[in-house]
Amino acid sequence: MSNFGKNIRKIRTLKKLSQAEFANLFELNRGNISAYEEERSEAKIDTIIGIANHFSISIDDLLIKELTIDEIYHIDKIRLSHQLVNRLKPAGISIRFLNKQKLRIFPNYYGDKTFLENLPFIQIAGFYETNLLALEVDRQLSDLEWNIEAEDVLIIKNEAKPKEKVKNKLFLQISSGGMKFCIFDTLQQNYLGAFEIVGIIKVKFDTFYNQLIKRIERIEASK
């Protein structure tokens, strides 16, 4: 069973495109898109290839899978399981870590190098860049639209002002009003910083990692 119609409707909705606007991207008309979404007509192979290439989605996924928000926006996720716990052994890169308490005051200390230098480290395998930060999501920052839940740990690029637009990438925007998730094109003009999210560790049900975070919090509290 093909999920093509359902997927292009989801892509179109997330990108905030009308059927006519979506059709114009591929030299089609609104009726074509309506017919595809309602499964009254099948798209030609060159149309399928064009849509897949435009949104950087594989043809198989576009046709067969029921695409998630993460897959449409190409957000890399590391879902921890008992098989993946070994990825977190101390062989990985050291990353500065913002726990929930530090996260709440982060906007107030944005740009303060001393604040960042005093953060503790955690070690995570699978990441090799040096300009990364890890942060623990709290309830206020959690966002179900992006499947980001409280206690998840985000891996973000510590680059305050991305120089170029990055297509289909999710950012954490820091502004005087607080923090929120958004696609690059929807960033506010006067934001303080925007950090590209390069990984999400789903730790809500992972005992090992929860214990690690609690240990860090206890160390911080004892200082």
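Scanning region 168-199 for residues that are of a type in the set (Val, Ile, Thr) and modelled with pLDDT under 80 yields ILE183, THR186. Evaluated against (1) modelled with pLDDT of 75 or more; (2) under 30 Å from LEU67 (Cβ atoms); (3) not acidic (Asp, Glu), PRO120 falls short on exactly one condition, (2). Can you tell me how many residues within region 1-60 are within 23 Å of GLU145 (Cβ to Cβ), not β-branched (Val, Ile, Thr) and not in a helix (DSSP H, G or I)? The number of residues fulfilling the criteria is 7.
Summed over region 96-120, residues that are part of a helix (DSSP H, G or I) and surrounded by 17 or more Cβ atoms within 10 Å (Cβ to Cβ) total 4. Among residues belonging to region 51-65 that are under 14 Å from PHE26 (Cα atoms) and of a type in the set (A, V, I, L, M), point out the one that is farthest from the chain's Cα centre (by Cα). In this case the residue turns out to be ILE51. Restricted to region 124-148, and to residues there that are at pLDDT below 85 and either part of a helix (DSSP H, G or I) or among the β-branched types (Val, Ile, Thr) (or both), the residue that is farthest from LYS100 (Cα to Cα) is THR130.
The values are calculated or read from the model by the stated rules, or taken from the named source; none is laboratory data. Everything quoted here is computed from the prediction, not taken from an experiment. Neighbour counts are summed over all protein chains in view; Cβ atoms, including those assigned to glycine, are modelled from backbone coordinates with ideal geometry.
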